[in-house]
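Participant: One structure coming up, written as structure tokens, with questions to follow.
The values are calculated or read from the model by the stated rules, or taken from the named source; none is laboratory data. Since the structure is predicted, the reported quantities are computational estimates derived from the model, not experimental observations. Virtual Cβ from ideal backbone geometry, glycine too; neighbours counted across all protein chains shown.
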Amino acid sequence: MSLESCRRKIITCRVCDRLVAWREESARTKRAAYSDDEYWGRPVPGWGDPDARLLIVGLAPAAHGANRTGRMFTGDRSGDWLYRAMHRAGFANRPESRGRDDGLELQDAFVTAVVRCAPPGNKPSTTERDNCLPFLIEEINCLSRLRVILALGSFAWDGVHRALAQLGHAPTSRIRFAHGAASHIGSYTVIASYHPSQQNTFTGRLTETMFDSVFRLAQTAIAQSM
């Protein structure tokens, strides 16, 4: 399985009826600010450097973010936070992400999510999570140099641990989700961060200083894995 063949499998998936209906309805009705945009309206694959040592995992595409643009964390405020932090840490060549053809390139990093279709209320069901999990497993398998996984939010933290367990890796100890927590699983280090959602960034639960700190942890873990 290559990243390209995995990508093709992802974008043609129609397994979850509820998610298919929601992503397509969001693409038809659109948000007023994007009324002239052509929405992607399909499952969203991961993207980035195929030689990445850092994998960043979110929850799912936003209905008017990645479901519109077709690229993870692109076109919404969560993405603004993520790519600014990645740029500061040297993982991205520019600090913003507007569309698939905006010139953004990732360096030593790959960005994906546990669930690939925009879910109603941003809340996938456990069945929908499990239906999507094989895609995350395949992406992990394809990233041969991968050493560190940054999980954005408790849903991603749980999803990453489930994916690694299915790959035959068990954590050395059971670590609860907390910002900055780290779990060592096989040859991987999994680091937890609060998700850069508006709910967290507007309230100050996640600050840019806090977000930068988990990227420094990721850089240190990458350096130690060499």
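Participant: Quickly run through the range 193-205 and pick out the residues that are of a type outside the set (G, A, S), in contact (Cβ under 8 Å) with a residue 40 or more places away in the chain and part of a loop (DSSP other than H, G, I, E, B).
Facilitator: Y194, H195, P196
Participant: When only residues in the range 9-19 that are more than 19 Å from the chain's Cα centre (by Cα) and not in a loop (DSSP other than H, G, I, E, B) count, which is surrounded by the fewest Cβ atoms within 10 Å (Cβ to Cβ)?
Facilitator: It comes out as D17.
Participant: If we scan the range 49-72, do we find a residue that is charged (D, E, K, R), part of a loop (DSSP other than H, G, I, E, B) and without any contact (Cβ under 8 Å) to a residue 40 or more places away in the chain?
Facilitator: yes
Participant: Right, something else. For the range 103-141, enumerate the residues that are under 24 Å from L54 (Cβ atoms), touching a residue at least 60 places away in the same chain (Cβ under 8 Å) and among the small types (G, A, S).
Facilitator: If the condition is that a residue be under 24 Å from L54 (Cβ atoms), touching a residue at least 60 places away in the same chain (Cβ under 8 Å) and among the small types (G, A, S), then A109, A113 are the ones that fit.
Participant: Next question. Confirm whether G186 is of a type outside the set (S, T, Y) and crowded, with 21+ Cβ neighbours inside 10 Å.
Facilitator: no
Participant: Let me ask another. Considering only residues that are buried (at least 16 other Cβ atoms within 10 Å of the Cβ) and within 23 Å of F215 (Cα to Cα), look in the range 116-142 and name the one that is farthest from the chain's Cα centre (by Cα).
Facilitator: Taking the candidates together, the pick is C142.
Participant: Further question on the same structure: What pairs come up if the first residue lies in the range 2-24 and is closer than 21 Å to P50 by Cα, the second is among the aliphatic types (A, V, I, L, M), and their beta carbons are under 9 Å apart, counting only those six or more places apart or on different chains?
Facilitator: L3/L143; K9/M1; I10/V44; I11/V44
Participant: Sticking with this structure for a sec: What residue, among those in the range 54-81 that are crowded, with 21+ Cβ neighbours inside 10 Å and of a type in the set (D, E, K, R), is nearest to the chain's Cα centre (by Cα)?
Facilitator: R71
Participant: Does R42 satisfy being modelled with pLDDT of 95 or more, surrounded by 19 or more Cβ atoms within 10 Å (Cβ to Cβ), over 22 Å from V160 (Cα atoms) and not aliphatic (A, V, I, L, M)?
Facilitator: Taking the combined requirement at face value, the residue satisfies it.
Yes or no, residue by residue, for (1) surrounded by fewer than 21 Cβ atoms within 10 Å (Cβ to Cβ); (2) part of a helix (DSSP H, G or I):
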{"position": "V160", "(1), (2)": "no, yes"}
{"position": "G180", "(1), (2)": "yes, no"}
{"position": "I191", "(1), (2)": "no, no"}
{"position": "I222", "(1), (2)": "yes, yes"}
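Participant: Tell me the residue from A151, A89, A165 that is touching a helix residue (DSSP H, G or I) at 6+ places or on another chain (Cβ under 6 Å) and either polar (S, T, N, Q) or surrounded by fewer than 21 Cβ atoms within 10 Å (Cβ to Cβ) (or both), please.
Facilitator: Matching residue, one of A151, A89, A165: A89.
Participant: Of the residues R28, R100, which is touching a residue at least 24 places away in the same chain (Cβ under 8 Å), over 16 Å from C132 (Cα atoms), out of contact with any Phe, Trp or Tyr (no Cβ under 6 Å at 6 or more places or on another chain) and surrounded by fewer than 24 Cβ atoms within 10 Å (Cβ to Cβ)?
Facilitator: Sole residue among the options that is touching a residue at least 24 places away in the same chain (Cβ under 8 Å), over 16 Å from C132 (Cα atoms), out of contact with any Phe, Trp or Tyr (no Cβ under 6 Å at 6 or more places or on another chain) and surrounded by fewer than 24 Cβ atoms within 10 Å (Cβ to Cβ): R100.
Participant: Further, regarding this structure: Output the number of the condition that P50 fails; it satisfies all remaining conditions of (1) in contact with a Leu (Cβ under 7 Å, 6 or more places away or on another chain); (2) closer than 24 Å to L206 by Cβ.
Facilitator: Of (1) in contact with a Leu (Cβ under 7 Å, 6 or more places away or on another chain); (2) closer than 24 Å to L206 by Cβ, only one is false for P50: (2).
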